[in-house]
Amino acid sequence: MSQAVLLQALVYLAAAVLFVPLAKRFGLGSVLGYLLAGMAIGPAGLGLVGAEGQDVMHVAEFGVVIMLFLVGLELEPAVLWKLRTPILGLGGLQVVVTALALAGLALVAGIAWQSAVALGLILALSSTAIVLQTYKEQHQLGTPAGQGTFAVLLFQDIAVIPILALLPLLATQPAAASGAAADHNWLAAAPGGVRALALVAAVAGVVGLGKYGMRPVFRLVARSGLREVFIATALLLVGGVALLMELVGLSPALGAFVAGVVLATSEYKHEIESDIDPFKGLLLGLFFMSVGAAIDFKLIRENSGLIAGAVGAIMLVKTAVLLLLGQRFTGNRAQNVTLALGLSQVGEFAFVLLSFSSQNGILPASLTSIATAVVALSMALTPLVFLLNERVLQPRFGPSAAPERAADPIAEKNPVIIAGFGRYGNVVGRFLRANDIGTTVLDFDADRVETLRQLGMPVYYGDASRYDLLHAAGASQAKVLILALDSAERTLALVTLVRRHFPHLRILVRAHDRADAYEFIDAGLAHVYRETVDSSLRLGVDALRLLGVRAYHAQRAARTFLRHDERALRELAAVRKDRKTYFSTARQRIQELQALLHFDAANANLREVDEGWDNDSLRQEAPPAPTTPVLPQPPSGS
Amino acid sequence: MARILVQFAHPALEKSRVNRRLIAAVESLDFVTVNDLYEQYPDFDIDVNREQELLLAHDYVVLHHPFYWYSAPALIKQWEDLVLEHGWAYGRTGNALAGKRMLSVITTGGQREAYQETGANRYTIQQLLVPFEQTARLCRMEYLPPFVVHGSLRITEAEIEAAGARYRALLTLLATGQAAEYAAAQAPFLTDLAH
């Protein structure tokens, strides 16, 4: 490795290590930290990185690709189908209306109509990288605002394709370097029919590969037990799909997203997710840093009035359009404001489209350099906009005004706090209320929170792993904390927090599955409830009864099995903790199933549950019944 | 010092006046183990191994419960059915409990006078407890006279207090090997109702 590359890597890493934790510390979020780090090392700051910043940005764009792949992984096709209305409706309207409004603004500013339309289209897009990352960091993707944001961003990613096709038609000057941006595109010169065909074939190929091709590959690699090869396979898949998409002129991010959705139902989903997540994080960080470094402060200083005006106008227009469109979708003013403000910046795709435009003679170079600065600035402002929304605007709206409540000295005094009132938590909560036990609920779903509040329940909206929220919910007086959150990570984070600040709380935790249960047992939790085991056994009991087994026997057999299974859980958790070696998740599951079956076989008395009423041994010991006396044989008369 | 296992069964202890106090009176004794069966096995899913080990670790078995329908609450019967296994507690090879002593500690709603031939219940407590006595015999245990608190529906606070103290004193007698003194102390409460 050449020293220069190593040195550059060190500069980026050092900047990230220095700035990001600081930014987090001051509540600014990691994205702003990366941007600041980029500015610090860029030409405007220390000048440690210079012209190669652009190349770095291209490499780092792969982070956006991985991110969309990961988003796809978490979205099963059925969920995606459910989102079709917001994607097409909200997303489509946002792009069209915003593009028209911004183009109109450009026309008024005296820009030729072709350039105005091109600018409108380019600036209508928002930043998937910053916004999705921020939402994920704040666990907000599940809220109406999060869903709407996601829908809009997804549509924008799709819209890049027709925009790329449309832009050359708006050229006002001969292309400077023909096809420079499309130099990877084999099909740029091919007739439209062929291009469309290739496009469909490529997408079909990705779907087919994900559905049928990758599973055997992943299984093979997983069986080898080599983690790094597994990671390499996952990266290879994402990289390959991205390249293929670029070759046919599609957005690589979109292709990766499709590949992710196809793999969302695969058993390797979680494995892939956790393996490539760090790459996404690092590359995205690099991407944000290169955005920060690319901000040309000299240009901004020279055109400060124009650029400031443009940034302000663009962000205002984008916000206004979404405020108008989003109300019906989110159905809630607070959420709508979050949605609109969150998408008010211009996205990273604008950089690509702007350079494409200037190379193809669509926009004059003077305009693109200013537009690039505007885009970068709007991205840099986004974390501040999020902060403004979170700290200043949101507290003015209804129940989700957590900071206001935290200041409220009268905390709840219920003995039970339930974190997570979804399908699991709500049954527990209803049961406790039916028995006159006061419960305080913490939940993330804004609609659910509002409904429950209307019913007069003490419900708090927000992240239960925040100290102030727990405190407001009365954690210092409560006796029992019930954790019914969807994610084991968040549960564990919460457990750590509770143990530090509210050590008196008894914690009961719902585990999604066996793997989560192991995590919780490892964390030293005593009350762990796997959400499916009781219901599975009830089904098993009914199955036995349908087969003619007496009800009481079936029920006792299930009780015996449950006890046995709980013991197996604890024992295997201990074994698992000892064995630090890595196995792929799927392989681990098979091994575990084997271990469980062995454990079952070793317990011969699983079937013999009724010894007390079993009179086999009594029968053996009972004295023989008196036999009927042998009748005297009649004398035979022979 | 002999060890005493109190097998306590009350399906609704939260509503009990007398039994709660009786248990409170003896549970602090260090030679007494109180095994709260309804708390331990709310679903009647008795852990046979645990119960047998408890029996082996003690010298006296006290069946302590309210006297329901001239017998015990259902969980005591479940416990007998499952824990007193053939070949372990009784039968040709069933000697696990041989030599231990068993007694009943019960509370009744009816007054003492009701439990005699001329009373509403027509039989004495000892007659009605014959199934428990014979269970103990079959398990090669000695069955001691019962300790009974009558009239639990009308009993006064002072009387409950006194009953608790007597219960505690009697268990202490047993633990110190004075089973004969225990029987003697009980005798006036069990016979000669006419006097």
message = Given segment A:410-603, report the % of alpha carbon pairs whose separation exceeds 30 Å.
response = 32
request  = Provide A:D542, B:D59, B:D43 in ascending order of the number of other Cβ atoms located within 10 Å of each residue's Cβ, fewest first.
outcome  = B:D43, A:D542, B:D59
request  = Set the Förster distance to 60 Å, then compute FRET efficiency between B:A184 and A:H527 from the Cβ-Cβ distance, nearest 0.05.
outcome  = 0.75
task = Treat every Asp and Glu Cβ in the protein assembly as shown as -1 and every Lys and Arg Cβ as +1, leave all other atoms uncharged, and give the resulting dipole magnitude about the Cα centre to the nearest 20 debye.
result = 820
request  = Measure out, as a whole number of angstrom, how far apart the alpha-carbon centroids of segment A:30-46 and segment B:134-191 sit.
outcome  = 85
query = Using 1/(1 + (r/R0)^6) with R0 = 56 angstrom and r between the beta carbons of B:A57 and A:R219, what's the FRET efficiency to the nearest 0.05?
reply = 0.55
remark   = For segment B:86-158, using Cα atoms only, the Rg and Dmax in Å read 15.6, 49
ask   = Taking Rh as the Kirkwood radius computed over C-alpha pairs, what is the Stokes-Einstein D of chain B at 20 °C in a medium of viscosity 1.002 mPa s, expressed in µm² per second?
value = 125
query = What list of whole percents do you get for P(r) of segment A:292-342, with Cα-Cα distances grouped in 5 Å bins up to the one holding the largest distance?
reply = 4, 20, 19, 15, 12, 11, 10, 7, 2
task = Once you have all Cα-Cα distances for the protein assembly as shown, histogram them in 20 Å bins from zero and send the whole-percent values.
result = 12, 33, 25, 16, 11, 3, 0, 0
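With r as the distance between the Cβ atoms of A:A165 and A:W113 and R0 = 22 Å, compute the FRET efficiency 1/(1 + (r/R0)^6) and round to 0.05.
Efficiency, rounded to the nearest 0.05: 0.70.
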key: Gaussian network model of chain B, Cα within-10 Å springs - most flexible of B:S28, B:S104, B:S152   = B:S28
task = Compute the length gained on full extension between B:D47 and B:Q134: take 0.36 nm times their separation in residues and subtract their Cα-Cα distance, giving the result in nm to one decimal.
result = 28.9 nm
ask   = So which chymotrypsin sites (Phe, Trp or Tyr not before Pro) in segment B:6-92 are both in a DSSP loop and have at most 13 other Cβ atoms within 10 Å of their Cβ?
value = B:W69
task = Just the number, please: percent antiparallel of the DSSP beta bridges in the protein assembly as shown, rounded to the nearest 5.
result = 0
message = Test of understanding: ordering A:I418, A:I111 by Cβ neighbours within 10 Å, fewest first, what list do you get?
response = A:I111, A:I418
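No lab work stands behind these numbers, since they all come straight from the coordinates. Remember, predicted model here, so these are calculated numbers, not experimental data. Cβ sites come from the backbone with ideal geometry, for glycine too, and all protein chains shown count toward neighbours.
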